[in-house]
Every structure is written in structure tokens, then in C-alpha cells.
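Since every read-out is calculated from the coordinates, none of them should be taken as a lab result. Everything numeric in this text was worked out from a predicted model, so none of it was measured. For neighbour counting, all protein chains shown are included, and Cβ atoms are generated from backbone atoms with ideal geometry for every residue, glycine included.
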Ligand SMILES: Cc1ncc(COP(=O)(O)O)c(C=O)c1O
């Protein structure tokens, strides 16, 4: 049906694709910094809509800003007036400080013994997640007291039901006693983390909120002001005003992706209340086209067998780039404004799409994995949902070797 083409690479027409131009293997991510600023503004106006003071926003930029690039993302958000940043460890915090980020940085998962010195050196605010960490932090803070001149601030994490990290509400008294023996430390904030704030068909979040409020009351009763109170991740800040406290901690929504709620109808309501712009597009070029006769297999283990003579495009994208393997024979990409199914097993560096039904496909054409092209769009959040995972999982899968381009 098709003749095997001999491709003249010099004839590839780049303008057809509005693609970012660079030398190298043709797969890339486009991160729209304007979308990040827009999303931050949308979040800020949502949580301050009632005019009841000014709640702060802690931008969660851990895990390399969910794969999009910690430094450029944090710089864009700092410019857009993010109040705080959240990272997971001292290495991530130090990277931001060395890049010139001056806003307070909360190390969300606490610290491992030995990291205390770096916390203080880089002016990072640790989360205390168990009482015995106070001792280590106090020792490091006392050692640097002459240089720092003021107590080292930390936030206290309360475990209200996630059963992961944080002190139990029943440990608040013990915490207060131990803190009274730490003159070089200061409690500057208290927080908890929700396990299922996108779920409205169960009451876990309400229970967590109640336990958290009880712990705050106990702190106050013991003469310890809790400092900045914060609870809300993306779904909570979007859909649960009672959790807003003094500060919210958006991750996924900051990057432009709403959660999938239970019940699902909630999503449309939230999209209308907090309009977001997806920040990421992931694109690759077609590096080969072949005619596969009916009955022949494609890719490892021939997991796709052509039912008819088929035109198969090979993309410069594999699971090492973030095109996850589970999308083989399940996902699709956009080529020339139309959807083309991903066929066969996705390999580390390559994937195949069936373009039999798309007119005029050529080597060099762009395949959009996430993002929009012409009338078609497919966001990373929808792909994640179709695979039964969360958006952050796919964002964090974006490979190190994929160049990120930061667009306005
Ligand atoms: C403590 C904490 N707060 C906030 C977030 C942001 O979560 P989301 O991406 O759902 O907004 C995370 C992410 O895992 C987290 O660990």
C-alpha cells in the first residue's frame, strides 16, 4: 500500500510545528512560565476571595518542581510573589538558595541526622516530624548561635491520620516539654497533611481537620503559639475553604492540573472556580516511518500486530523520557492535529504510533505527548487519570535527558 520512503532530513520543515529549535535528539518539554504565574494568581485570589486578610502561598517545588525544573520554576514563582517554597530535603533547598531564591523554604519531610548543619547554613526551615529531632536541631542551632543571632525557626508537623510522618496529637505535651529545653529554637509554624482531600464521599479529611484543630488548641493552652497554620494541598485549597488556615501548599494546581475528585462532578465545579493553565507540553519528532504489512508485529514481543497494511511512525520518545511504558497499546499522541494511537510496547528510547489514517505524515513531524496542537489537546492529568495514577507521578517521570525550554 505504501512505498518505503527514503528520507532527506534536510527537507524537514520546522515551521510546520512551531517547535522549539535546538540541536540534539528531538524530544523536549516546554514549560510555560506565564502559566505558573497565572495559576499562582488564581490560587491567591481564590483563597483570599472573602477579603479576610492575606493568606500566604507556599509553592511546592520539591522533586525538581514536579519534574519541570526547580530553579527556573522557583524563580518564576518568586517573581510572581510566592511567599514560601516547599522542598523535600536540604539538597533541594540548597539548590534554590544557591540560585538566589530568598523566600523562606520549608523542608517538608524533615531531616535526617547529619543534615542539621546544612539546614542552618542555607537558612532552610525544617519540619520537625518527631520530638527527638529537637535535640539534634538545638545542638546545631546552639553551635551557630553567635553567627545567626536569632533562634532557628522550624515548623511542627502533626500526624492526623496519614500515619506517615509527624507527631501524634497526643504527643503535643511531650513536644512542648522538650521544646522548653531548646533555647535556640523557635516554633514558627504548625501543619498537617491530608491523605484524601479530593474525596468527598468519605470523611477522613474532616476527621484530620478536627484532630489538627485539637492539637493547635493544646499547643495554645500550653502557652505555645503555633505560628503559621497550614494544611491545604491542591484539592483542599481548591475545594475546602475551612482548611485554608494562614497558608496553603499547592503542588499539582500550581502546575496547572486539577485533581480528579470523588464524586467526579466536583472537577468541573473546581475548574470553574479556579481556572488553571497547564504549564507543560511534551513533544517529540517522528524519526522514522515504515509500512508494516498486515499480520506483522511491531516492537518488543510484537504486542501490536497490524490488522491491515499500516503506516507506523517511530517517535524519539521512550519510557526513559517519561512516556511511561504502561501507555503502550493504550495511549495516543497528537500528530498534525489528530490523535494517533501508540502501538506496541513502549521501549526505553522509542515508541510507535499508528498514523495510517493521518494524511501527509512525514519524518520530522512533531508528536505531542502532553499539551495541545491545533484543535487537539491531551493534558498530562488526563493521561494520568486514564492510567489510574496521579498527575504528579507522570510529571516526575519526565526524564533527565529531556531538555526543558522555558517559554513566557
Ligand atoms: C506536605 C505536602 N504538602 C503539599 C503537597 C502538595 O500536594 P499537591 O500536589 O496535591 O498539591 C505535598 C505533595 O506531596 C506534600 O507532601
**Asked** Can you give me the relative contact order of the chain as a percent, contacts being Cα pairs under 8 Å and 6 or more apart?
**Response** 18
**Message:** More than 32 angstrom separation, counting every C-alpha pair in segment 32-273; what % is that?
**Reply:** 19
**Prompt:** Taking R0 as 60 Å, what's the FRET efficiency between residue 135 and residue 296 from their Cβ-Cβ distance, rounded to 0.05?
**Reply:** 0.35
**Asked** So how do 252-260, 375-383 stack up, highest first, on mean other-Cβ count within 10 Å?
**Response** 252-260, 375-383
**Request:** Rank 318, 328, 388 by mean-square fluctuation in a GNM of the chain with C-alpha springs under 10 angstrom and give only the top-ranked residue.
**Result:** 388
**Estimated FRET transfer efficiency (residue 148, residue 45; beta-carbon r; R0 35 Å; 0.05)** = 0.45
**Request:** State, in angstrom, two size descriptors of the chain derived from its alpha carbons: Rg to one decimal place and Dmax to the nearest whole number.
**Result:** 24.6, 81
**Complete:** Quick calc: nm separation of the 7 Å Cα→Cβ label points for residue 81 and residue 401 -> 4.3
**Item:** Extension gain from residue 54 to residue 377, taking 0.36 nm per residue of separation minus the Cα-Cα distance
**Value:** 112.7 nm
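Cβ neighbours within 10 Å, averaged per peptide: list 102-109, 64-71 in order, most packed at the top.
Values: 102-109: 20.0, 64-71: 22.8.
Descending packing order for the listed peptides: 64-71, 102-109.
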**Asked** Counting DSSP beta bridges in the chain, what percent are antiparallel, to the nearest 5?
**Response** 50
**Item:** FRET E, pair residue 22, residue 220, Förster distance 60 Å, beta-carbon r, rounded to 0.05
**Value:** 0.60
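How do the peptides 267-278, 115-126 rank, highest first, by the average count of neighbouring beta carbon atoms within 10 Å per residue?
So the peptides 267-278, 115-126, ranked by packing, come out 115-126, 267-278.
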**Asked** Comparing 369, 101, 158, which has the greatest mean-square fluctuation in the GNM of the chain with Cα pairs linked when under 10 Å apart?
**Response** 101
